[in-house]
Structure formats: structure tokens, C-alpha cells
Amino acid sequence: MLKKALDFAARAHAGQVRKGTKKPYIVHPIEVGEIVQTMTEDEEVICAALLHDTIEDCKGVTWEVLRDQFTKRIADLVASESEDKTKGWMERKQATIRHMAECEKEVKMIALADKLSNMRDIDRDYPVAGEELWNRFRMKEKEVIGWYYKGVRDALREDFQGVAAYEEYCRLIDKNFG
């Protein structure tokens with residue numbers, strides 16, 4: 001099932017690149033899956049991690065498609081971790097932070113891995129790009145982007161404090177956002 005999820009994600013994200021780079025987008029879901037594997041052996045959760053951006057960012061991928069191709073649980077996990085792109089940036093991010101405080105632990109695990117992968121990219125690119133890095137993002141203000149990542153950190157603390165992925169996430173937030 002993991003190979004099927006990876007192949008599906010690679011096809012769904014074909015032609016997409018990471019913001020402000022030429023890096024194929026698929027490297028992000030692969031990294032998210034690898035991070036989730038450090039926290040669980042549950043194959044459905046790992047598959048959902050590989051597929052986590054498909055509903056949100058890929059044309060033609062819906063909850064129904066994921067349910068039919070994989071399982072209802074995988075589709076539910078992906079849908080629960082997806083943002084509503086019809087809303088504005090601030091409204092979406094506030095909703096995500098609120099959702100992180102109340103959703104099931106497996107969704108939180110995927111969200112943590114997703115945000116850690118993003119923070120790793122920021123940490124790699126910031127020393128090279130400098131303040132220009134923030135222009136890659138829809139919300140171009142470092143302080144506001146930092147507010148979001150700190151909000152997710154705070155929402156996940158109770159469930160993940162002491163977990164290596166969470167501790168790395170916290171260190172990267174402190175290093176890049178103070």
C-alpha cells in the first residue's frame with residue numbers, strides 16, 4: 001500500500017515544485033512520510049502522510065478518490081489535515097491551529113511532520129536567500145509566518161513534547177523565528 005500511495009502522490013504532484021525552488025514537489029510528501037514513520041508503524045497513517053497534500057493541491061483528487069483508491073481511514077486522515085483553500089490565508093491558518101488542538105493524534109502526527117518538513121526547508125534556504133525567502137510565501141511577513149508555526153507548535157505540545165520530530169520542530173522555530 002505504501003508503494004501505491006507514493007506512486008499516486010508522484011502522479012498527482014507531477015509538474016509541481018516547492019515554493020520558490022525548482023525542487024520537485026514530491027520530495028515534500030516523501031519527507032513527511034519518512035518523519036511520520038519515526039512516530040508510527042501504522043501503514044495507513046504513513047500512506048496518509050504521503051498523500052497529505054493531494055486533496056488540497058492536486059486537481060481531480062477528492063476524498064472519494066482517496067477512499068476508492070485506498071481506504072476510508074486514509075481519505076479521512078488526508079481530508080482532516082487539508083486546508084480549505086477557498087478561505088483567506090489568515091482564516092485558514094487560524095482554523096488549522098484550532099483544529100490541531102482538537103483533532104485525533106494521527107492527524108496531528110501528519111501535521112507535525114508536514115510543518116517540520118517545511119521548517120527544514122526554511123532552515124536550509126534562509127541562510128542562502130536571506131529576507132527574500134519570505135517572498136515565496138503568500139503571507140510575505142516573517143513575523144506572521146512565525147506566528148503560524150509557533151501556533152502549531154503550541155497546539156501540538158501536549159501530545160508530542162519529548163518526541164524527536166517535535167523537539168526538532170521547536171529548535172528550528174526558535175532558530176529561524178526567535
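Before moving on, here are some points about what is shown:
- Net charge of neighbours whose Cβ lies under 13 Å from the Cβ of Ala164, counting Lys and Arg as +1 and Asp and Glu as -1: -2
- Per-residue extension of 0.36 nm, minus the Cα-Cα distance of Asp42 and Lys150, leaves a gain of 36.1 nm for this segment.
- Here the stretch 25-178 exposes an accessible surface that is 47 percent carbon and sulfur, computed with a 1.4 Å probe and the other protein chains kept in place.
- Kirkwood-based Rg to Rh ratio, the chain, C-alpha trace: 0.94
- A cut-off of 5 Å between modelled amide H atoms, ignoring neighbours fewer than 5 places along the same chain, links Val17 with Tyr25.
- Solvent-accessible surface of protein heavy atoms, probed at 1.4 angstrom with all chains present, puts Arg153, Arg92, Arg11 in the order Arg11, Arg153, Arg92, largest first.
- Separation of the alpha carbons by more than 21 angstrom is noted, of Lys59/Lys150; Lys22/Lys93; Lys87/Lys140, for Lys59/Lys150; Lys22/Lys93.
- Cα centroid separation, the stretch 5-45 to the stretch 103-147: 16 Å.
- Take the stretch 59-155 with all the other protein chains still there, run a 1.4 Å probe, and you get 50 Å² of accessible area per residue.
- Lys19 paired with Asp159, simple spin-label distance in nm, labels 7 Å along Cα-to-beta-carbon: 2.3
- Those residues of the stretch 143-178 whose amide nitrogen sits under 13 Å from the label point placed on Met90, 7 Å along Cα→Cβ: 144-145, 148
- Per residue Cα convex hull volume in Å³ - calculated over the stretch 79-178: 91
The values are calculated or read from the model by the stated rules, or taken from the named source; none is laboratory data. This structure is a prediction, so every number in the text was calculated from the model and none was measured. Here Cβ is always computed from backbone atoms with ideal geometry, including for glycine, and neighbour counts include all displayed protein chains. SASA here: full protein model, heavy atoms, side chains in, ligands and nucleic acids out. Shrake-Rupley method; radii C 1.70, N 1.55, O 1.52, S 1.80 Å.
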